[in-house]
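Everything below concerns the one structure shown next.
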Amino acid sequence: MEVPMITIPRSFLFLLAFPAIAMGFDSSPATAASANLKDVCTSGCTYSSVQSAIDSITDSSASNVYTVFIDSGVLSPDNSITTNGKSYINFEGRGLGVSVLQASRTWFSNAATSSNFFDLSSSTNITIKDLTIDARTLDPGGLRPSVAFTGVSIGTGADKVVFDGCEVQGLVYGIWDTNATAGNLVQMFHSKVRGVNAGVAVAKATWHVFSSDIRAIRYGGESGHDVSVVAIAFETGGDSANVTLWGSHLHGESGEAAQTYPVAGLQTSFSTGSLVAIGTTIHVKMTTANVGSAARDMYAVRLTHTQTATRFIDLIGCQLLYESPTGLSQGNLAGIGYPAVFASNQGVEVRLVGTSVIDGGGSGASFRADIVGAPTMLGQTRYEPTIKNIGSKIVSAVSSNANALTTSNAALYNTVNVESGTVAFPASNTVAVTLPTAMPDTNYRIALSANAQETVYVTTKTTTSFTLKSSNAGSTASVDWVTTR
């Protein structure tokens with residue numbers, strides 16, 4: 001007997017296979033939300049403000065870490081946010097520009113009470129991830145020129161602070177290392193910072209910055225003071241911050257007409273700290289041709305040190321870029337520059353390795369070059385930095401005052417393989433030259449500058465020196481020399 005075919009609807013098969021789902025039940029195991037997760041949003045979350053979420057945390061520690069999760073949307077508090085010294089808290093959002101903490105217009109009016117929109121003072125092990133902190137956009141303009149409006153303040157005692165994939169905006173400062181304890185650590189990964197006076201102001205902390213974009217831009221009318229426009233600024237001569245940058249971009253820009261404040265991508269003034277930039281672009285850009293002073297500094301890197309201790313600035317594989325409109329009225333525009341400040345920049349050594357200094361376009365300025373310096377003389381003492389390079393492109397260097405730059409500044413950087421110098425014969429036909437760095441052997445070559453009506457040649461070589469002879473028995477010739485191996 002033939003059995004008839006029975007057709008079963010697909011919907012019935014689905015009910016047989018997934019009865020729990022069909023009945024509206026969740027078949028996954030039941031889980032409770034972690035007590036260490038504080039969710040914040042404008043509506044529907046446990047907390048409606050970040051401050052109330054922080055206030056609810058009473059027992060955070062290395063073994064009891066909390067996460068404050070800021071959901072999508074814009075939270076606009078009227079008052080500043082503070083961690084109140086609490087530690088081991090992660091502040092995490094859904095992404096840069098997606099989860100936003102934005103200072104309200106009322107906050108700017110209230111900022112005389114607390115000008116730090118997000119204050120991390122005395123807190124350690126704080127991470128800010130995938131979040132925008134904005135204390136700039138709603139600035140009404142023209143408020144309190146004496147107030148240091150700040151996006152995030154890293155005050156005294158703050159340590160092990162991490163910015164990861166986030167954005168911070170402020171007026172006077174984007175992020176301000178307000179005399180954080182020397183040696184305490186701040187790390188930044190894949191982030192954006194924007195300020196008006198300074199993108200990041202550093203003082204004493206150790207900073208590690210990876211693949212980040214830091215800018216200071218002023219167009220005029222912003223609230224707060226206008227002391228300078230600098231992407232990363234070492235705040236005072238007593239600074240001891242150590243800053244290292246990898247693959248980042250520093251950008252200082254002004255479009256405000258007829259002003260005199262300095263503009264720079266990087267400004268250094270540390271007394272015992274250091275600066276290392278690797279594969280980083282440091283950029284100064286003027287978008288107005290109307291400059292208010294012939295002495296105005298507009299430099300990619302601006303050196304303002306006042307102590308005499310030995311300090312190093314290493315720029316490795318970097319690009320120093322300076323640009324302006326056509327016909328910049330006056331001022332000093334350069335890749336590296338230093339002003340004529342009393343007893344300034346002595347003991348500072350800038351070491352350029354594979355770095356290009358580039359005029360990015362435009363024309364004008366009182367002095368415009370790859371290096372513009374203003375050496376200071378006090379009696380017989382000369383105050384200016386030492387600039388060395390190896391494999392770097394430097395086309396021009398000029399002095400902006402009556403004191404000429406040291407001839408060897410920005411010349412060849414002495415290494416074991418390449419050394420250089422100048423020696424003068426002491427009214428005789430023999431002079432010894434001591435190498436700045438000892439050679440491993442005597443298999444090196446020596447190139448000498450020529451002198452009219454006089455033959456100069458090498459007679460002996462050792463690993464530490466060589467001797468020059470002249471055909472003139474009473475020679476006083478000055479000879480430039482270069483060794484290579």
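Read-outs: derived from the displayed coordinates by stated rules, not from any lab. Quick caveat, the model's predicted, so the values are computed rather than measured. For neighbour counting, all protein chains shown are included, and Cβ atoms are generated from backbone atoms with ideal geometry for every residue, glycine included.
Within the set of other residues whose C-beta is less than 9 Å from the C-beta of K285, count the net charge using Lys and Arg as +1 and Asp and Glu as -1.
Summing Lys/Arg as +1 and Asp/Glu as -1 gives -2.
Explain nothing, just the number: dipole magnitude of the chain about its Cα centre with +1 on each Lys and Arg Cβ and -1 on each Asp and Glu Cβ, in debye rounded to the nearest 20.
My answer is approximately 1020 debye.
When the Cα centres of segment 36-115 and segment 207-277 are compared, how far apart do they sit, in Å?
Centre-to-centre (Cα) distance: 27 Å.
For the chain, what does -39500 (n - 2.57) per DSSP helix run (n ≥ 4), summed and divided by total residues, give at 222 nm, in deg cm²/dmol to the nearest 500?
Mean residue ellipticity, 222 nm, calculated: -1000 deg cm²/dmol.
For a label point 7 Å from the Cα of L37 along Cα→C-beta, name the residues of segment 45-67 whose backbone N is under 16 Å from it.
Within reach of a label on L37: 45-47, 65-67.
Using DSSP, restrict attention to beta bridges with both residues in segment 37-399 and report what percent are antiparallel, rounded to the nearest 5.
Rounded to the nearest five, the antiparallel share is 5 percent.
Just to verify a number: FRET efficiency for N84 and V395, C-beta to C-beta distance, R0 = 56 Å, to 0.05?
Here the calculated transfer efficiency is 0.55.
Can you find, among V482, G221, S399, the residue sitting farthest towards the positive end of the charge dipole of the chain, where Lys and Arg contribute +1 and Asp and Glu -1 at Cβ?
Final value for the positive-end residue is V482.
Do you know the relative contact order of segment 418-484, to the nearest whole percent, from alpha carbon pairs under 8 angstrom that are 6+ apart?
Reported relative contact order: 51 percent.
Could you rank the peptides 433-439, 245-251, 114-120 by their average count of other C-beta atoms within 10 Å per residue, with the highest value first?
Per-residue mean Cβ counts within 10 Å order the peptides as 114-120, 245-251, 433-439.
Using the Karplus curve 6.51 cos²θ - 1.76 cosθ + 1.60 with θ = phi - 60°, work out ³J(HN,Hα) for each residue of segment 297-313 in order, rounded to whole Hz, and write x for Gly and Pro.
8, 9, 10, 4, 10, 10, 9, 9, 7, 10, 8, 10, 5, 6, 9, 10, 10
If I model a spin label as a point 7 Å beyond the Cα along the Cα-Cβ vector, how far apart are those points for T272 and S420 in nm?
3.6
Mind giving me the nanometre distance, one decimal, between the label points for D59 and N429, set 7 Å out from Cα along Cα→Cβ?
9.3
Per 0.36 nm of contour for each residue apart, how much would the distance between T463 and R485 grow if the chain were fully extended, relative to their Cα-Cα spacing?
Taking 0.36 nm per residue and subtracting the Cα distance, the gain is 6.7 nm.
Could you work out the relative contact order of segment 37-399, using alpha carbon pairs under 8 angstrom and six or more residues apart, expressed as a whole percent?
Relative contact order here is 9 percent.
Among 123-131, 84-92, 295-303, 466-474, how do they line up by average Cβ neighbours within 10 Å per residue, starting with the highest?
Output ranking for 123-131, 84-92, 295-303, 466-474: 295-303, 123-131, 84-92, 466-474.
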